[in-house]
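Scroll down for the structure; my scribbles are underneath it.
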Amino acid sequence: MTEPSELQSLVGTEVGVSRWIEVDQARIDAFARITEDEQFIHVDPERARATPFGGTIAHGFLTLSLASAMSYDAVAPLDGVVMGVNYGFDKLRFLAPVPAGSRVRGRFRLLSAEEKAEGRWLLKHELTVEIEGSDKPALIAEWLGMQMIGAGIAS
């Protein structure tokens, strides 16, 4: 747990790194079905081998969707937090494809922390999703999250 009073001292620092998460073909296929994005570069290994990717790749949005799990692993919640909500992104860039069978992890750096109202903290993290064995990240984003503290927030 992080005390809200400590947040300003953490701005500009790395606050956590998640575990590695495997992005296998089964996960890619399931995401394709759910999102109705079944482009062959994601779901057809035979056809995808003939592309510059050399095989199937994860959807960019699949990689991004793993950010919540990465955050739960890597970023300590604020002390007294009742809930947190996704507030969106200021910037998002997909930099490298994630080949099927790869592992990814998230690296988080706190960019800003602002108390918007009593017990409501808007946190901005730089999220870098790394691909195991690659020098180039899959994506970099500035991710906003609202942390709500206190018993009266959720009632």
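Bear in mind these aren't lab numbers, they're just calculated from the coordinates by the rules spelled out. As the structure is a computational prediction, the values presented were derived from the model and not from experiment. Cβ atoms come from the backbone with ideal geometry, glycine included; neighbour counts cover every protein chain shown.
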Just one of (1) in contact with a Gly (Cβ under 9 Å, 6 or more places away or on another chain); (2) touching a residue at least 40 places away in the same chain (Cβ under 8 Å) trips up Arg49, so point out which.
(2)
Going through Arg47, Arg19, Arg27 one at a time, which residue ends up being surrounded by 15 or more Cβ atoms within 10 Å (Cβ to Cβ) and among the basic types (Lys, Arg)?
Arg27
